[in-house]
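The values are calculated or read from the model by the stated rules, or taken from the named source; none is laboratory data. Note that the coordinates shown come from a computational prediction; the quantities given were computed from them, not determined experimentally. With ideal geometry, Cβ positions are generated from the backbone for all residues, glycine too; neighbour counts draw on all protein chains shown.
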Amino acid sequence: MKKHELDLHDDDKPIGRILSRREVLTLLGGAGAAFFVGTGFKNLRIGQATSTATPVGTALPSCVVKPAKTEGPYFVDEMLNRSDIRIEPSDGSMVEGVPLQLVFQVTQVNGDTCEALEGAQVDVWHCDALGNYSDVNAQGVDNTGKKFLRGYQVTDNLGTAKFITIYPGWYRGRTVHIHFKIRTDPASDSGYEFTSQLFFDEDMTDKIYAQQPYSSHTGRDMLNADDGIYADDGETLTLDIVENDDKTLGGYKATFYIALDLSTTPVETGNAGGPAGGQGGPGGPPPNGTRPSGTATPTTST
């Protein structure tokens, strides 16, 4: 057992283990997979067998409370209710980048059962293809007043919230990531709030970053393995990206399954993820290229 596992209290430990979309499809197979992915979680007992549409003896994935991560300095509570967050509301322009359809499948743990979490607000925010956030003045770019790549959706009766965005770019001191926040009652101080980050496979990132406009932003200085926020449990938050079957939109698609234990307070992990504000460390950028040639040393969080 790893040292950090020994340090966890029982109620900090994840319930079950994380399953990727591919593992879910493999587990459920055929009609069962179509039910699970197409309609989302309803009331699913942890470890119970699926309905008769699924082969006998096939167990459902475990309910899993995934690790909370630091919010970072760039969250702005825009309260912007929209699914397609690529649009800049001030002028109707669309952010350039490879389309990414991002689906959240949110459940809550109730004893030994996963229940769809309806009515939760899911906020998403991340940088553009060149590493810049909207509505902040940071990294030498003043985007104050703009709202691109920010928005929220409310989960439906199946616990589903869907977004259309782009594959994010990078900025100094951090690996590639998307921020998200789930709130049961945003207007109340007593509502449940869970904040974390999503990560990406390095090979997929290399593939995307070979294309414009990403390829014009060179000198990336941080990989997943070197990012303090990704460290230890980032694999459980890494999206399984597949080609989008929506040919009109194109690009890629990812479904993120998450179960929340509303009876506990999330504890953030991995707070050493690069220089504060994403400004990068001393010594200037590495030579131009997709991946850094050396190992970066994380310092503080972003």
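When only residues in segment 227-260 that are over 18 Å from the mean Cα position of the chain (by Cα) and closer than 30 Å to PHE194 by Cβ count, which is surrounded by the fewest Cβ atoms within 10 Å (Cβ to Cβ)?
The qualifying residue surrounded by the fewest Cβ atoms within 10 Å (Cβ to Cβ) is ASP245.
Residues that are part of a strand (DSSP E or B) and modelled with pLDDT under 65 within segment 56-69 comprise just one, ALA59. Could you check segment 145-200 and list, in sequence order, the residues that are assigned to a loop (DSSP other than H, G, I, E, B), under 17 Å from ILE241 (Cα atoms) and more than 12 Å from the chain's Cα centre (by Cα)? Within segment 145-200, GLY169, THR175 meet the criteria.
A Cβ distance below 8 Å, combined with a sequence gap of six or more or placement on separate chains, defines the contacts here; from segment 70-83, residues that are under 14 Å from PHE194 (Cα atoms) and at pLDDT below 95 reach residues that are exposed (fewer than 15 other Cβ atoms within 10 Å of the Cβ) and not acidic (Asp, Glu) in the pairs THR70/ASN271. All told, ASP206 meets the bar of being in a helix (DSSP H, G or I) and out of contact with any Phe, Trp or Tyr (no Cβ under 8 Å at 6 or more places or on another chain). For the subset of segment 135-166 comprising residues that are surrounded by 24 or more Cβ atoms within 10 Å (Cβ to Cβ) and not hydrophobic (A, V, I, L, M, F, W, C), which member is nearest to PHE200 (Cα to Cα)? Selected residue: THR165. Somewhere in segment 102-125, is a residue without any contact (Cβ under 8 Å) to a residue 60 or more places away in the chain, under 20 Å from GLN153 (Cβ atoms), crowded, with 21+ Cβ neighbours inside 10 Å and not β-branched (Val, Ile, Thr)? Checking segment 102-125: at least one residue is without any contact (Cβ under 8 Å) to a residue 60 or more places away in the chain, under 20 Å from GLN153 (Cβ atoms), crowded, with 21+ Cβ neighbours inside 10 Å and not β-branched (Val, Ile, Thr). Listed by first and then second residue, the pairs linking a residue in segment 182-204 that is among the aliphatic types (A, V, I, L, M) to a residue that is assigned to a loop (DSSP other than H, G, I, E, B), with Cβ atoms under 7 Å apart and 6 or more places separating them unless they lie on different chains, are ILE182/ALA120; LEU198/LEU239; MET204/ILE241. With respect to being under 18 Å from the mean Cα position of the chain (by Cα), farther than 22 Å from LEU239 by Cβ and surrounded by fewer than 20 Cβ atoms within 10 Å (Cβ to Cβ), PRO73 fits the description.
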